[in-house]
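Have a look at the structure below before the remarks.
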Amino acid sequence: MPEWLGADGTTITVGDPDAPVRVHLYEDPRCPYCEEFKTTGGGPQLREALLDRWTIAEYTLASFLDDRVGGTGSKKAVNALRAALEEGKFVEYHEVLYANQPEESVDGYTDAYLLELASKVEGLRSPRFDAAVRSMKYRAFVTASEKAYEKAGGAKEPEGPGTPTAVINDKRVPLEYGALLMESDAFAELLQGIYDRPGEWEDTTF
């Protein structure tokens with residue numbers, strides 16, 4: 001699938017640019033709820049919709065959990081994901097990271113572990129990628145992405161909207177409706193309904 005960095009310098013986009021359904025996700029690599037969404041919740045359904053080319057995904061990668069629970073794992077993982085995008089391997093590496101996510105309280109995304117996981121993605125490891133991971137080459141991107149996440153919360157949520165948060169065709173799914181993200185069938189039904197009846201979604205109020 002096509003993948004690229006948006007003009008804003010922080011949004012990573014995956015999928016067909018002409019897809020009518022756009023899902024913008026806010027996530028932190030250390031967030032266990034993001035892992036749940038990605039592996040057993042709506043994530044697999046989103047992947048199928050991407051492959052079918054009627055949905056496009058956008059990612060804003062936060063790293064606030066490092067400050068809340070200690071360590072640098074979120075920042076290191078976001079940097080590594082940006083390095084993977086440079087190699088055209090963001091999608092594959094993104095899936096591998098969540099499939100092998102350490103416990104939230106454990107600062108498990110070390111350089112060594114991130115490189116070990118990168119070895120599971122064919123063609124990702126190289127001297128350039130390894131150096132980017134070890135040197136935090138994309139530190140500025142990590143900082144800018146966290147600020148974009150915080151800005152997305154608006155005045156009411158200056159620390160960010162929470163993770164995972166989904167904004168579909170410019171309409172945010174409220175946190176109190178989070179079950180829609182975590183239940184695979186419910187999320188699939190939601191996406192299909194937006195695709196089939198976009199006007200209804202535009203008029204939906206939560």
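The values are calculated or read from the model by the stated rules, or taken from the named source; none is laboratory data. Because the structure is a prediction, the values reported are computed rather than measured. When we count neighbours, we look across all protein chains shown, and the Cβ atoms used for this are built from the backbone with ideal geometry, even at glycine. Protein only, heavy atoms only, side chains kept; ligands, DNA and RNA dropped before computing areas. Shrake-Rupley method; radii C 1.70, N 1.55, O 1.52, S 1.80 Å.
Descriptive notes on the structure:
- Applied to the stretch 150-164, the Karplus parametrisation 6.51 cos²θ - 1.76 cosθ + 1.60 on θ = phi - 60° returns per-residue 3J(HN,Hα) values of 5, 4, 5, x, x, 5, 6, 9, x, 9, x, x, x, 10, x Hz, with x for Gly and Pro.
- When you work out D = kT/(6 pi eta Rh) for the stretch 39-136 at 25 °C and 0.890 mPa s, using the Kirkwood radius from C-alpha pairs as Rh and the Stokes-Einstein form, the result is 173 µm²/s.
- Take the Cβ atoms of A99 and E176, set R0 to 25 Å, and the FRET efficiency comes out at 0.35.
- Charge tally in the Cβ shell below 9 Å around A118, where Lys, Arg are +1 and Asp, Glu are -1, A118 excluded: +1
- Cα gyration tensor category, rounded, prolate or oblate, for the stretch 1-65 with a/c compared to 1.5: oblate
- Share of carbon and sulfur in the accessible area of the stretch 63-160 stands at 49%, probe radius 1.4 Å.
- Paired Rg and Dmax values of the stretch 112-206, which use every Cα atom, in angstrom: 18.5, 50
- Given K38/K76; K38/K147; K75/K171; K38/K156, the pairs whose alpha carbons are separated by over 25 Å: K75/K171; K38/K156
- Relative intensity, log₁₀ I(q)/I(0), of the chain from a Debye sum that treats every alpha carbon as a point, q = 0.18 Å⁻¹: -1.33
- Each other residue within a Cβ distance under 14 Å of G6 adds +1 if Lys or Arg and -1 if Asp or Glu, for a net charge of -1.
- Listed by chain and number, the aspartates and glutamates placed with their C-alpha closer than 12 angstrom to that of K137 are E86; residues fewer than eight positions away on the same chain are left out.
- Annotation for the stretch 95-167 versus the stretch 1-52: alpha-carbon center distance of 14 Å.
- Of the residues F37, M1, L190, the one whose Cα sits farthest towards the positive end of the charge dipole of the chain is M1 (charges of +1 on Lys and Arg Cβ, -1 on Asp and Glu Cβ, taken about the Cα centre).
- Dividing the mean sequence gap of close Cα pairs (under 8 Å, 6+ apart) by how many residues the chain holds gives a relative contact order of 28 percent.
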